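To keep things clear, I will list the structure first and then write my remarks on it.
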Amino acid sequence: MRIVFIILITFFYSCKKEVKTTDNNAIKIKNEKSISEISSKSSTTDSILFLNLKSSFDDETIKLPCKLNKNDICVTISISYGWLAYDDQFHYIFSDNKNIKAFKEKIPKAYLKGEKYKSIIEEIKVNDLEKEELLKSLISKQTIDFQNYNQSDFKNKTNKVSGCYITDNNGYSITFIQNNKYNSYSHYAPLFYLKNCNDGTVNKVVLEKFIDLLKIWNIKM
């Protein structure tokens, strides 16, 4: 009888240990699946990306080439070419289904009047590789982190002003739009003011991040 009791006790603990091991394996598999899902979502825009936008947007802010649907993101990059008659503006529109539309617009300077000076806009066809690069730019750390800044952050509060200036250089701006909100950032001759100007009012930390942001979006300066 004692032998039978010992056998039953041994069998009970053996089963309990096996169940515990199986449960631990199940938890491990579940955790690995969760990590995989998170990693997958972070590398695509299947899950909706919401940008930290602050200002109210309307049609007077920027004339977009087409209407945005709910949660669509438009990134508009403008380049002002100094004394040239026309400036360039690029619009990249991202939809939830990873569809991307791209447009290039040539805009006459404000001082140019007359019928012959009109904006010219055309849709740009983007291939799969270009779409992938644009998506990487959208979800990049540079794009996400820069939404924490305001245009006013380009300036330091100081009286240390130098007389450095430059003419006939390019100005750059980038605007992020989503759900009737937007953030917009711009700077004239950013490389010059970063490397060749000792004006204490220029916040070179933010300016350098702005230049990195433009590079992420493949803007050559």
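The values are calculated or read from the model by the stated rules, or taken from the named source; none is laboratory data. Just so it is clear, the model here is predicted, and its values are computed rather than measured. Neighbour counts are summed over all protein chains in view; Cβ atoms, including those assigned to glycine, are modelled from backbone coordinates with ideal geometry. For the accessible areas, the whole protein counts, side chains as well, though only heavy atoms, and no ligand, DNA or RNA atoms are used. Shrake-Rupley method; radii C 1.70, N 1.55, O 1.52, S 1.80 Å.
Annotation: of all residues in region 185-221 being part of a loop (DSSP other than H, G, I, E, B) and among the charged types (D, E, K, R), the one that is most open to solvent (accessible area, probe 1.4 Å) is Lys220.
For region 81-184, the strands (runs of 3 or more DSSP E) that sit wholly inside it and include 2 or more residues that are within 17 Å of Thr61 (Cβ to Cβ) and at pLDDT 95 or above are 86-94, 100-108, 170-178. Among the residues of region 118-154, which ones are open to solvent by 60 Å² or more (accessible area, probe 1.4 Å) and of a type in the set (Gly, Ala, Ser)? Scanning region 118-154 gives Ser119, Ser152. Scan region 81-103 for residues that are polar (S, T, N, Q) and open to solvent by 40 Å² or more (accessible area, probe 1.4 Å) and the total you get is 2. Could you list all residues from region 69-80 that are open to solvent by 40 Å² or more (accessible area, probe 1.4 Å) and in a loop (DSSP other than H, G, I, E, B)? Matches in region 69-80: Asn69, Lys70. For the structure I just gave you, tell me whether Asp59 is assigned to a loop (DSSP other than H, G, I, E, B) and either modelled with pLDDT of 95 or more or of a type in the set (D, E, K, R) (or both). Taking the combined requirement at face value, the residue satisfies it.
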